[in-house]
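Since the structure comes first, as structure tokens, the remarks are kept for the end.
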Amino acid sequence: MNTETATLTRARAGDDDAFRLLTDPYRRELHLHCYRILGSLQDAEDAVQETLLSAWRGLAGFEERASLRSWLYRIATNRCLNALRDGGRRSPMTTGGGPTDPPEPTRRAEPIWLQPFPDELLEGLPDRAPGPDARFETKEAVGLAFVSGLQRMPPQQRAVLVLRDVLGYRAAEVAAMLETSEASVNSALQRARAALAAAPERPAGGTVPDTPGRRRLLDRFAEAFEVGDVETVLALLSEDAWIRMPPEPLEYNGRPAIGEFMRTRPLWRDGERLRLVPTRANTQPAFAYYLPDSQAEVWRIGGIFVLTVEDEEIVEITRFADGGWLPWFGLPRTLPR
């Protein structure tokens, strides 16, 4: 009897420690898997917890016809699909009034629920080679363009695309996981690939080398944004750049529209500067932004900007307002002034 079989036998007998030995190596990759499908860090964590509870309760029925890892992915995927179908998700926010109404957007997109994914959670992920049918590398498949595209698909298509093109499972394996036919899997995959190709977000192009020019670009963006120098920020953008703010539906395209939007935002009150703290999210450069607190001598976190950079120009700015994702980044809520 090998070690894993012995551990499985102990876990089936009710040994909690043995069960953790079996499942802990897969926990982080399951969290990433669920995030891709759900678009939310907390919803993904809830799905992983439900997956492990279901696996613990159903361990006696694990027939070992597939690997333990595949069995856990099957449970996790179906937990995510149940969460989406049950409608137990947060309702997307819409842009409210506030001190000034935003200008008319270039486009009103369909609202999607999406949160940023901290790069720190990608560090140390097990180096498991995907199946031979995989089309995306692990880090490429956590970029904002990819995950945003997934959120616009029906649940079944999301699951099929991730299982086939990211994890590399064969069509027959995916059909068994989702309790459907291979023909249905292949049809869903074809539609999902077409939807992803038509998604409005631009891919970040994988891991971009940290060149001196790129560092200067990011430094100039932070310095200009902190003091409200809108003209310099605009000069760092490509002519056809976008600003997006999921889950809000308003999107602005091009320097004139982005400039008008930025000038109407009450971020820089009475000439007070902001604070930007560099971080990384979804394998892309990012900045947490802090707003001056009118009641205390601190800056208080407002959210995160995630930047998509091409050829030393910023082609997209995606803003995420402070939400349930913040603790995952390990960022302080306030900074002293």
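Per-structure values
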item: Hits in region 171-216 (condition: buried (at least 18 other Cβ atoms within 10 Å of the Cβ) and either more than 16 Å from Val147 (Cα to Cα) or among the basic types (Lys, Arg) (or both)); result: Ala171, Glu173, Val174, Ala175, Met177, Leu178, Val185, Ala188
item: Of the criteria (1) part of a helix (DSSP H, G or I); (2) of a type in the set (Val, Ile, Thr); (3) outside the structural domain of Tyr289 (by TED's automatic domain parsing), which one Thr180 fails; result: (1)
item: Ala204 being of a type in the set (Gly, Ala, Ser), touching a strand residue (DSSP E or B) at 6+ places or on another chain (Cβ under 9 Å), not assigned by TED's automatic domain parsing to the domain that holds Pro246 and not in a helix (DSSP H, G or I); result: yes
item: Count - residues of region 157-175 that are touching a residue at least 40 places away in the same chain (Cβ under 8 Å) and assigned to a helix (DSSP H, G or I); result: 6
item: Hits in region 258-299 (condition: acidic (Asp, Glu) and more than 21 Å from Ile314 (Cβ to Cβ)); result: Asp270, Glu272, Asp293, Glu297
item: Given (1) in contact with a strand residue (DSSP E or B) (Cβ under 6 Å, 6 or more places away or on another chain); (2) at pLDDT below 85, number of the condition Arg107 does not satisfy; result: (2)
item: Strands (runs of 3 or more DSSP E) wholly inside region 229-337 containing at least 1 residues that are of a type in the set (Asp, Glu) and farther than 24 Å from Glu104 by Cβ; result: 298-310, 313-321
item: All positions within region 4-45 that are free of Cβ contacts under 8 Å to residues at least 12 places away in the same chain and either within 20 Å of Leu144 (Cβ to Cβ) or in contact with a helix residue (DSSP H, G or I) (Cβ under 9 Å, 6 or more places away or on another chain) (or both); result: Ala6, Thr9, Arg10, Asp15, Asp16, Asp17, Ala18, Arg20
item: Region 59-81: number of residues that are in a helix (DSSP H, G or I) and either hydrophobic (A, V, I, L, M, F, W, C) or touching a Gly at 6+ places or on another chain (Cβ under 9 Å) (or both); result: 9
item: Some residue of region 90-101 being out of contact with any Cys (no Cβ under 9 Å at 6 or more places or on another chain) and either modelled with pLDDT of 85 or more or outside any loop (DSSP other than H, G, I, E, B) (or both); result: no
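Listed here are the residues, each with its yes/no results for (1) closer than 27 Å to Glu120 by Cβ; (2) crowded, with 18+ Cβ neighbours inside 10 Å; (3) within 23 Å of the chain's Cα centre (by Cα).
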{"residue": "Asp229", "(1), (2), (3)": "no, no, no"}
{"residue": "Ile243", "(1), (2), (3)": "yes, yes, yes"}
{"residue": "Glu251", "(1), (2), (3)": "no, yes, yes"}
{"residue": "Met262", "(1), (2), (3)": "no, yes, no"}
{"residue": "Ile304", "(1), (2), (3)": "yes, yes, yes"}
{"residue": "Glu310", "(1), (2), (3)": "yes, no, yes"}
{"residue": "Glu316", "(1), (2), (3)": "yes, yes, yes"}
{"residue": "Trp325", "(1), (2), (3)": "yes, yes, yes"}
{"residue": "Arg333", "(1), (2), (3)": "yes, no, yes"}
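The values are calculated or read from the model by the stated rules, or taken from the named source; none is laboratory data. Keep in mind that this is a model prediction, so the values were computed, not measured. In this analysis, Cβ positions are derived from the backbone assuming ideal geometry, glycine residues included, and neighbour counts consider all displayed protein chains.
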